[in-house]
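Below is one structure, written out as structure tokens, with a few remarks after it.
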Amino acid sequence: MTRWDVIVAGAGPAGSTAARECAALGLSTVIIDKAEFPRDKPCGGGVNVRAARLLPFDLTPVVERSITGMYISVRQGAGFTRYADQTLTYLTQRRFLDTYLLEQAERAGARVDQRTAVRAVERTAASVTVRAGNQVFEGRTLVVADGANGPTAGLAGIEVARRKEIALEGNITPADEALERWSNVFAIDIGSVTGGYGWLFPKGDHVNIGVGGLASIGPSLRSLLGRMTAFYGFDPADLWGIRGHPLPVRLPGAPVFEGNVLLTGDAAGFLDPLSGEGIYAAIWSGQRAAHHLAEYLTGVTPSLDGYRLEVERTLEPDLVIARQLHTLFHISPPLWAAFVRRSSRAWRLLSDLITGSATYSGARQQSRLISLGLHATAAGVRVAGAVHGGNKLLLPATSGWRPGRSH
Ligand SMILES: Cc1cc2nc3c(=O)[nH]c(=O)nc-3n(C[C@H](O)[C@H](O)[C@H](O)COP(=O)(O)OP(=O)(O)OC[C@H]3O[C@@H](n4cnc5c(N)ncnc54)[C@H](O)[C@@H]3O)c2cc1C
């Protein structure tokens, strides 16, 4: 039986990237997914410019729209459109994007096993055995990349503290004239979905409309989606492909590796809690996981702890600030929209954050207003915590926050 250097569980952007990079670095790699590709995944399919830049190949074959404009509305009132002088984001369909990323992994030399669901994991300090479908895979290391609902970390005995927010989306295939309006503009509506937002993302021949926010909105998601669809001028009865999915937000200090097992993407809860984006972090973590696996497996480093350190130094500080900004933003969405509408500086900062040419940490350093707002918010959260035992909307503002338990 082959003893793989790396077994990758899950073939979303995190897993396919990890598998491609591991194979390219000369590690024998197998990637396993329970689905048969092309498979879909509930997702807006927005790939930001920073994520696309991480990839050593062109995403053009799967990009359906390159977006330069953003239509912003507050509580489904009249909105405004702001344009950037560069591409803000690329819009894709996940069934095509993920198949394309998996093909690149296969091309780099990874073996791909589809329709193979992970059922059990056993591990020792030097080996991992994964039972998936009706096969047994033996390996030296394991990359967990099975997303928000995947069982692999739990089967490997690793508990990942993630708060699961929630989203529901559907699609509308409109007449050509209606699609024309959205040819290079995407929309967000703020203030009408608790702790989140509504969106419209145009694709080649349809638009994707969704709502996402705190888990507590679960029971009203369907009616929220209907109202958002009507707000954007479509009949909710025409929605097709309606699907819900968790948005897993990692809690500070949650593990990203244990022994010879690394966690990536949504399985680690690397989703941006402010924007709800996870594709950038999935690709980034898949890439960094491969780098640390290569060093570990070739004896350059004695453990995979370098991955944890890199996550803590590079990704975690931004996730912490994103959590704080999320709190600040939801205190008054109209105020935020007014800034972006009236101030070119605020719009430039927002568009830089969307493209990824600015980071949240950089924005805090750059903008005195954001910095002051974050300080005030952190103080407010502490006061609210002391007075009310916490407020559902006031999400953890400091990295010291710990949940009672993960969901
Ligand atoms: C409604 C919605 C809209 C979103 N919109 C955006 C957006 O526009 N832009 C953005 O950047 N992010 C968006 N996100 C977040 C983004 O979808 C995720 O962060 C991203 O898919 C994470 O990638 P991943 O590779 O970690 O996991 P996934 O993409 O979820 O891939 C996990 C893979 O693991 C497989 N798997 C699961 N269980 C098993 C098992 N037992 N055995 C084997 N395989 C298994 C699955 O079949 C799947 O292929 C959105 C999320 C939601 C819910």
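Derivation of every value follows stated rules applied to the coordinates shown; laboratory data play no part. Just so it is clear, the model here is predicted, and its values are computed rather than measured. Cβ placement follows ideal geometry from the backbone for every residue including glycine, while neighbour counts extend to all protein chains displayed.
Backbone amide hydrogens, once placed in the peptide plane, bring Tyr197 within less than 5 Å of Gly212, excluding anything fewer than 5 places away on its chain. For the chain, the C-alpha radius of gyration divided by 2.2 N^0.38 Å, with N the number of residues, is 0.97. Mean residue ellipticity at 222 nm from the helices of the chain, using -39,500 (n - 2.57) per DSSP H segment of n ≥ 4 over the full residue count, to the nearest 500 deg cm²/dmol? -11000 deg cm²/dmol, from helical runs alone. Think of each Lys and Arg Cβ as +1 and each Asp and Glu Cβ as -1; about the Cα centre, that makes the dipole of region 122-254 roughly 620 debye.
If you restrict to DSSP beta bridges whose two residues both lie in the chain, what percentage is antiparallel, to the nearest 5?
That works out to approximately 70 percent antiparallel.
Each label point was placed 7 Å from the Cα along the Cα-to-Cβ direction; for Phe80 and Gln366 their separation is 1.9 nm.
Taking every C-alpha pair closer than 8 Å and separated by at least 6 residues, the mean separation divided by the residue count of the chain gives a relative contact order of 20 percent.
Listed by chain and number, the aspartates and glutamates whose C-alpha is less than 19 Å from the C-alpha of Lys34, apart from same-chain residues fewer than 8 away, are Asp98, Glu103, Glu106, Asp113, Glu122, Glu138, Asp146, Asp266. Seen from every direction in turn and averaged, the convex hull around the alpha carbons of region 11-150 projects onto 10.7 nm². Once the Cα-Cα distance is subtracted from the 0.36 nm per residue extended length, the Ser220 to Asp113 segment shows a gain of 34.7 nm.
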